[in-house]
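The values are calculated or read from the model by the stated rules, or taken from the named source; none is laboratory data. For clarity, every value in this text was computed on a predicted model and none was experimentally measured. Here Cβ is always computed from backbone atoms with ideal geometry, including for glycine, and neighbour counts include all displayed protein chains.
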Amino acid sequence: MNFLITGGAGFIGGHLTELLLKEGHHAAVIDDLSTGRVENLAAVRGNPNLELVIGDVISHPELERLIREADVIFHLAAAVGVELVVHDPVRTIMTNVSGTERVLKLASLYGKRCIVASTSEVYGKSEKDVFTETDDLLIGAPTNSRWSYACSKLLDEFMLMSYCRNHAFQGTVVRFFNTVGPRQTGRYGMVIPRFVSAALRGEDLRVYGTGEQTRCFCHVHDTIRALLEIVNHDESVGEIYNIGSNESISIRGLAERIIERTGSSSKIVQIPYSEAYEKGFEDMLHRAPNCEKIRKAFGWKAEIALNQIIDDVAHSMR
Ligand code: UDP
């Protein structure tokens with residue numbers, strides 16, 4: 001099949017592109033290299049089934065041809081990372097809204113199957129123990145720039161659902177929960193590459209807030225496996241799926257685990273959110289996915305444990 005992966009030089013996109021090529025498909029990638037890196041495609045460079053276009057989805061003239069030639073589109077191009085979002089909310093909104101608007105319009109015009117990446121951020125400040133796809137969403141005030149990410153991605157979800165309803169569009173939304181793994185950069189805020197990198201250098205691990213906040217980390221190899229299941233099943237059209245792991249850990253616990261597994265002598269320091277991000281920054285205390293929907297539909301569940309994730313990330317950084 002012919003796949004188009006927008007954001008295919010990003011962390012998740014690079015792994016997905018590698019997998020699609022390995023399975024014998026053709027993969028076209030469009031990426032503006034804003035947060036993506038050509039090195040994420042180093043293993044498949046020179047593969048005759050790979051086409052790489054450097055440009056953004058908002059304006060690049062080649063996008064229309066790429067969509068016309070594709071059988072399936074994975075739309076992963078987005079502004080990502082809490083730190084980047086907080087510091088550049090305008091770019092976040094433009095990329096996530098205008099980019100997706102153009103991709104969906106063209107995919108609908110040419111009748112193409114399209115899977116759009118969304119995020120667990122859309123659950124916002126909800127205090128439920130686990131988040132289910134049909135839950136109401138609780139997004140914070142616009143004065144707090146963090147929520148620009150959730151809000152822009154939510155608009156993407158509404159746009160996709162509207163195309164499905166009114167234009168017989170074949171779209172699916174996936175909500176990623178803290179996807180991690182080799183090659184992820186800590187530059188835009190992600191905690192695991194930051195902690196592992198600090199541990200390997202013997203530097204302090206900077207835990208924001210109390211460290212009691214919890215997250216479930218999902219290995220990117222599990223995540224991309226879920227994406228293929230979705231493409232292979234037509235029942236996924238018009239649906240939203242959580243994709244994540246059920247292994248929960250506090251951020252302080254994560255820091256301790258990383259120090260232990262890497263045999264590091266690093267110390268843990270606590271940093272207030274106002275210093276780490278901005279005054280008035282709101283974090284969510286607990287975030288865990290209910291992944292029963294995708295498990296029941298296609299038998300998918302995350303299989304790679306946190307210890308293995310830490311070891312993989314440390315191995316790739318070493
Ligand atoms: N975090 C941290 N130190 C860091 C980066 C992040 O303590 O250097 C915390 C962050 O405040 C959040 C959690 O780790 O509570 C996960 O952060 P990340 O940005 O990886 O993902 P998020 O869940 O916020 O989308």
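Miscellaneous remarks
- For first residues located in the stretch 257-273 and in a loop (DSSP other than H, G, I, E, B), partners that are surrounded by 12 or more Cβ atoms within 10 Å (Cβ to Cβ) and not aliphatic (A, V, I, L, M) and lie 6+ apart or on another chain with Cβ distances below 7 Å form the pairs S266/E203; S266/D204; K267/D204.
- Taken over the stretch 161-206, the residue count meeting the criterion of being in contact (Cβ under 8 Å) with a residue 60 or more places away in the chain, part of a helix (DSSP H, G or I) and either closer than 26 Å to D88 by Cβ or within 10 Å of the ligand (Cβ to nearest atom) (or both) is 7.
- The residues of the stretch 272-318 that are within 12 Å of the ligand (Cβ to nearest atom), among the charged types (D, E, K, R) and at pLDDT 95 or above amount to a single one, R287.
- Single unsatisfied condition, E229 versus (1) under 19 Å from P182 (Cα atoms); (2) at pLDDT 95 or above: (1)
- Of the candidates A77, A107, A117, the single residue that is on the phi < 0 side of the Ramachandran plot, modelled with pLDDT of 95 or more, more than 18 Å from the chain's Cα centre (by Cα) and buried (at least 22 other Cβ atoms within 10 Å of the Cβ) is A107.
- Across the stretch 211-265, the qualifying residues are those that are out of contact with any Ser or Thr (no Cβ under 9 Å at 6 or more places or on another chain) and of a type in the set (S, T, Y), and the one among them that is nearest to L285 (Cα to Cα) is S245.
- Taking the listed residues E121, E133, E203, E127, the one that is more than 22 Å from R287 (Cβ to Cβ) and of a type in the set (D, E) is E203, with no other qualifying.
- Members of the stretch 130-160 found to be assigned to a helix (DSSP H, G or I) and either over 27 Å from G36 (Cβ atoms) or within 16 Å of the ligand (Cβ to nearest atom) (or both), listed by number: W147, S148, Y149, A150, C151, S152, K153, L154
- Taking (1) within 16 Å of the ligand (Cβ to nearest atom); (2) in contact (Cβ under 8 Å) with a residue 60 or more places away in the chain; (3) surrounded by fewer than 22 Cβ atoms within 10 Å (Cβ to Cβ) in turn, R215 satisfies each apart from (3).
- Some residue of the stretch 185-205 being within 17 Å of the chain's Cα centre (by Cα) and under 20 Å from I115 (Cα atoms): no
- Number of the condition not met by G8 [criteria: (1) surrounded by fewer than 20 Cβ atoms within 10 Å (Cβ to Cβ); (2) assigned to a loop (DSSP other than H, G, I, E, B); (3) in contact with a strand residue (DSSP E or B) (Cβ under 7 Å, 6 or more places away or on another chain)]: (1)
- A226 meets the conditions (1) within 14 Å of the ligand (Cβ to nearest atom); (2) of a type in the set (G, A, S); (3) not in a loop (DSSP other than H, G, I, E, B) in every case but one. The failed one is (1).
- Exactly one residue among G211, G189 is closer than 18 Å to A79 by Cα and of a type outside the set (V, I, T), and that residue is G189.
- Some residue of the stretch 22-29 being under 24 Å from T185 (Cα atoms), of a type outside the set (F, W, Y) and assigned to a loop (DSSP other than H, G, I, E, B): no
- Among the residues of this structure, R37 counts as one that is over 20 Å from R225 (Cβ atoms), under 16 Å from the mean Cα position of the chain (by Cα) and among the charged types (D, E, K, R).
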